[in-house]
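Novice: Just passing along the structure, written as structure tokens.
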Amino acid sequence: MQSIPLEYYLALSGVLFSIGAIGVLTRRNAIIIFMCIELMLNSVNLTLVAFSSFLGNSAGQIFVFFVMTVAAAEAAIGLAIILALFRNKQTVYVDEVNLMRW
Amino acid sequence: MSLVSGAFFVFAVCAVASALVMVTRKSPVASAVGLITHFFCLSGLYLTLQAQLLAALQILVYAGAIMVLVTFVIMLLNLGEEEKLAQKLNVRNIVGIVMAGLLGVQIIAFLIMQRGELTQLSPNAEVIGSVNELGRVLFTDYLFPFEAVSLLLLAAVVGSVVLAKRNLES
């Protein structure tokens, strides 16, 4: 069966990771930064699944399972932090939150 | 071109396009919809890798649970639109785009230099992606991490309740 080489999946994953990094570095809205972090986590997941399927080893897919769990926990905590931030400062733009800036 | 190759290219283009939509839109709701589309494309990519359980979990956990939470918070905060990325190209944004672009170029260049021999899926890829096999491995070899993750989830539940309370004294 003719199939896609592993490098294509890795290159796609690298491109998606870079797009996520651009989002984290340039956007100001904390919720969008949070979503960009999810995007980067997912691109790494794609790498793990690709290696797992190409090497015939299930460890990669188990790791993806754990990454999904940690991402769910991160979503709950991160959004609670954003809500608390909005309640105290009335903003979610990260450059307006400069209480700890030196 | 086989069906799997065609599906890969369709889902790959769709995934990159929806990721770009997510990063560039100024409305948070548009970004969230882009990210949901992205998760569906990734689920399709997992299917081309014969990881059926993860494809289902991707939609259930990410597109279902996490993005519902994110859109809920967006609606709760009733956010206006951020200034668009292109309209405010200050030094910080340019440096950020250049750094992340360099990161991407580095990854691609590394891949081009390393020529791998892995051009076929492993013959037992279909077996290891199944619910049966992943469940067996998860509850035997990875039992301790599985239990540790349940503690992590408990800590996250307690932490989010504490953070979401208005004041702790009352």
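The values are calculated or read from the model by the stated rules, or taken from the named source; none is laboratory data. All figures in this text were calculated on a predicted structure; none of them were measured in a lab. All Cβ positions, even for glycine, are placed from backbone atoms using ideal geometry, and neighbour counts span all protein chains on display. The accessibility values were calculated without ligands, DNA or RNA, using every heavy atom of the protein model including side chains. Shrake-Rupley method; radii C 1.70, N 1.55, O 1.52, S 1.80 Å.
Novice: If I filter region B:162-169 for residues that are basic (Lys, Arg) and loosely packed, with under 11 Cβ neighbours inside 10 Å, do I get at least one hit?
Specialist: yes
Novice: Looking only at region B:44-71, count every residue that is part of a helix (DSSP H, G or I), small (Gly, Ala, Ser), surrounded by 18 or more Cβ atoms within 10 Å (Cβ to Cβ) and facing chain A (nearest Cβ under 10 Å) and tell me the total.
Specialist: 1
Novice: I'm trying to understand the selection: among the residues of region A:59-68, which are under 20 Å from A:PHE34 (Cβ atoms) and either open to solvent by 20 Å² or more (accessible area, probe 1.4 Å) or more than 7 Å from every other protein chain (Cβ to nearest Cβ) (or both)?
Specialist: Residues satisfying the conditions are A:PHE66, A:VAL67.
Novice: Quick test of your reading of the structure: B:THR119 fulfils all but one of (1) surrounded by 14 or more Cβ atoms within 10 Å (Cβ to Cβ); (2) in contact with a Pro (Cβ under 7 Å, 6 or more places away or on another chain). Name the failing condition by number.
Specialist: (1)
Novice: Give the residues of region B:122-154 that are open to solvent by less than 40 Å² (accessible area, probe 1.4 Å) and assigned to a loop (DSSP other than H, G, I, E, B), sorted by residue number.
Specialist: Answer for region B:122-154, where residues must be open to solvent by less than 40 Å² (accessible area, probe 1.4 Å) and assigned to a loop (DSSP other than H, G, I, E, B): B:SER122, B:GLY129, B:SER130.
Novice: Restricting attention to region A:28-45, report how many residues are over 12 Å from the mean Cα position of the chain (by Cα) and open to solvent by 10 Å² or more (accessible area, probe 1.4 Å).
Specialist: Residues meeting the conditions: 2.
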